[in-house]
1. For the subset of region 714-756 comprising residues that are of a type in the set (D, E, K, R) and part of a strand (DSSP E or B), which member is nearest to His592 (Cα to Cα)?
2. Criterion first (touching a Phe, Trp or Tyr at 6+ places or on another chain (Cβ under 8 Å), surrounded by 17 or more Cβ atoms within 10 Å (Cβ to Cβ) and at pLDDT below 90) does Gly332 satisfy it?
3. When only residues in region 725-742 that are open to solvent by less than 30 Å² (accessible area, probe 1.4 Å) and of a type in the set (Gly, Ala, Ser) count, which is farthest from the chain's Cα centre (by Cα)?
4. Which residue pairs have Cβ atoms under 6 Å apart, sit 6 or more places apart or on different chains, and have a first residue in region 656-670 that is under 30 Å from Val523 (Cβ atoms) and in a strand (DSSP E or B) and a second that is open to solvent by 30 Å² or more (accessible area, probe 1.4 Å) and not polar (S, T, N, Q)?
5. Test of understanding: among Val149, Val216, which residue is under 44 Å from the mean Cα position of the chain (by Cα), at pLDDT 90 or above and of a type in the set (A, V, I, L, M)?
6. Kindly provide the set of residues from region 663-714 that are surrounded by fewer than 16 Cβ atoms within 10 Å (Cβ to Cβ), modelled with pLDDT under 85 and under 20 Å from the mean Cα position of the chain (by Cα), ordered by number.
7. Select from region 646-655 the residues that are touching a Cys at 6+ places or on another chain (Cβ under 9 Å) and part of a loop (DSSP other than H, G, I, E, B) and write down the one among them that is nearest to Leu689 (Cα to Cα).
8. Only one of these conditions is not met by Gly394: (1) of a type outside the set (S, T, N, Q); (2) open to solvent by less than 30 Å² (accessible area, probe 1.4 Å); (3) over 30 Å from Pro453 (Cβ atoms). Which number is it?
Amino acid sequence: SASIQTAPAKEPAGVDAGEAAEKAPPTEEGEKADGPKSPRRWRTADCEFTHSGLAPGSGPYRIEVRAVSPAGLLGAEASMEASTAVAAPGTVAGLRARLRPGRMHAAEGVEGEAVAEMKTGDVDVVRLEFRAPTFDGGRKIESFLVYAVEESLEEDKADASKQSAAPVPLCDVASTDAASGGKLEPGGMCACEVSVEPNKEYTFFVEAHNGVHPSVLSDPSASVFVPARVPLPPREPPEVFRVEGGFAAELRWVGPLRGGGLPLLSFKVGVLGPGDMAQGAAQSSGSSVAREVNVSCSQAMAAAQDSSSAIRWQPPVPVSDTEAVYAARVDGLQADARYCFVLAASNAMGTGHWSRPSSPLMTPLAAPPAPANAVATIMVDDKQRVVVTVSWDGGRAQSGSCGAIAAFNVLLVPVPPLGSPAAVAAAAAASGGSSGSSCCPAEVVIRERVVVPSGKTQGRRFTWTAPLAKPGGYAVEIVAESAAGQKSLPVVLTLDVRPEAFPMQDGEVSAQAPQWAEEPVLVLGPAVSTEDTRFGDFEDGGAWMQALLLWHDDDPAHKAMQAGSLSRHISGKLETGVDVVCSYRRPGSSTHHTAVLAAGVTASRLQVALPSNIPMSLRLLLRTEPVDLTMAAKPSAKRSSKVQSEPLLLMMTATSEHLKPTWEVWARQTVGGVPPRWTELPELYNNILEAAWLEDGNMAKVQFELSERNVGENGGGCLLPPGHYEITFGDERQIQASVRRLGMGGWTAKVRRTVHDAAGEEAEMPAVSAEDMCVICMERRRTHAFMHADTGD
């Protein structure tokens, strides 16, 4: 037989002597051992022995085995140590759940109670109460794991599969935090709080864990419905940017897509001011909000993604999948005032609280007052020049501070008389008619800035004088400009200068400008040779068309003068002829070029080879002196001429199909409130811009005015609102053409030029890569070796 003796080798960690005595196995007589080290002995004739009844997780125990002879003698000792396995703890009982009313932002104000690792933000709090298991499985319970079955009342039946049918873990709570008084007793009361999302129904389960095994899930609690509510405000106040000269504000912020358990529908932008305001003025009641602006979530997200906006804002922290970047605009801010802005989100339940105020925004000084008592007079100066003299007062500000007036901007613009071809073309464009391939004359516009010394205008009268080149109608516009760059409303004076106001010069001949024929271009076919193109050093190797240009010596409408009108008649036909000048741009070139196709042409026609796919502006310049055959014709003759025709805009394909250039503006503000988009200018202004782009070159500026008659449906679909505009041409490489709306509330946007065929589709133009251009000037093609005139390379 064998003698077996067992005894605990040592007390388990964290178990006192009393607990070890209670867990010690009983003796053979069924009595408890005297202590944790009391040995127990058995005898067996087998080589195996099993002892049951030990507590789970107890030990380690020392086991000694000795052989016993029939004579009762004991052999040598063989020993080992062993422990019992830890079992799963008992089940949590008595689980109850209830909603804590008015508790949001789960971590707020919870002291002395178990606060799980809750989600922060737009959540509510549910309190769970339960009893700890009476059996810990041989090891102390370390934590409780809270599970829940969520059921969203907002989901459709088709999305029922997305709802959690099985319990999902919510949080883990330490046993010492959950136990009452911080010490866990078997069957003792425990409690914890968990954060949940609104507009959902929850059923909770609790599981005990002793660090080795979890218990079985408890019985489910009664269902708890967390109702939907108004959303919380955005976490951070909006970022504010000054736009439109400082009298409007652009707001950017990051906000959630949902709030209060429902999708967000809109935001309210509260305007605090004008005036001084504290940083927390609108935190609670919002009583300091002077004005509210509503913007839907879809509009706010679309505004934030507007690529044409000059504002480039990046959120300070990454935007999560449940958030979005929003934008809004607040107009109508007063001058010289201080504003702050707050936000409030709205869902189907209503509107939530205001957010924290933004950083203050200071608006600039008000625009200066418009000039007053403006008067224009026509007289002849001591140099026998006809001049216009304009005088005005500085004006008086109505309210607020506008600062000192730094200067006055004076603009003199010729106005075509009623019945003239330019006026007829302008009227046709205003009514939606077609003006053909020509536009009104590019008259000389005089601009001058009259500086105000020391910025004082009160009690002073200002005077400006400019010479006039010829009789006709003129408009004088005067605008005051402050030191801060703000401009007043314009004051416009109209003049009608009669021919008799100009003194008679000795030998003067009144000449009418030549006019293009009704069909000014006849294409005869492909050019036989391009060597005699009269375009000078033209290296583009595209197709050339032989064309016949036709014109009249003067305007036929002037031959039938009204009876009694004052005019000066030609004393004979001019024999000096006209110069035919062409302004064009080569493919891939960023500059304009000018060539004299013919000089001193006395006939009313000219046959010439013209290139295809090249935009051209042709003009007829009346010569004032005979042609010098010993001198080569130069393009500068156009600049010195005083009498010239309207520009003939021409662009043809290799198959003689006429192409139509179109100028489009990115309309940041549109008629009818449609979203920003590219809009085509009326045809009259298209022709003016095309001629200026070809003749004046890069960085040139063209001003025009849109009235209510030539916008919207009346202007061929132009969406720009009425007002004064100025377009600045770029170099098509580094600087893009742009448009600026003048006056109060002005803005800046991009301009582009496109070419369409006869069907209205965008034409494919030949592309010229930068690698094919000269490395010095980037204008001439790299077709052959030559010495560059600018650098000698």
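The values are calculated or read from the model by the stated rules, or taken from the named source; none is laboratory data. Keep in mind that what you see is a predicted model, and the values were worked out from it rather than measured. Neighbour counts are summed over all protein chains in view; Cβ atoms, including those assigned to glycine, are modelled from backbone coordinates with ideal geometry. All accessible areas refer to the heavy atoms of the entire protein, side chains included, with ligands and DNA or RNA removed. Shrake-Rupley method; radii C 1.70, N 1.55, O 1.52, S 1.80 Å.
1. That would be Arg753.
2. It is false that Gly332 is touching a Phe, Trp or Tyr at 6+ places or on another chain (Cβ under 8 Å), surrounded by 17 or more Cβ atoms within 10 Å (Cβ to Cβ) and at pLDDT below 90.
3. Within region 725-742, the match that is farthest from the chain's Cα centre (by Cα) is Gly730.
4. Lys660/His756; Thr662/Glu680; Thr662/His756; Trp663/Arg753; Glu664/Trp678; Glu664/Glu680; Glu664/Arg752
5. The unique qualifying residue is Val149.
6. Once the filter is applied, which keeps residues that are surrounded by fewer than 16 Cβ atoms within 10 Å (Cβ to Cβ), modelled with pLDDT under 85 and under 20 Å from the mean Cα position of the chain (by Cα), region 663-714 yields Gln669, Gly673, Val674.
7. So, considering only residues that are touching a Cys at 6+ places or on another chain (Cβ under 9 Å) and part of a loop (DSSP other than H, G, I, E, B), the one nearest to Leu689 (Cα to Cα) is Pro647.
8. Result: Gly394 passes all but (3).
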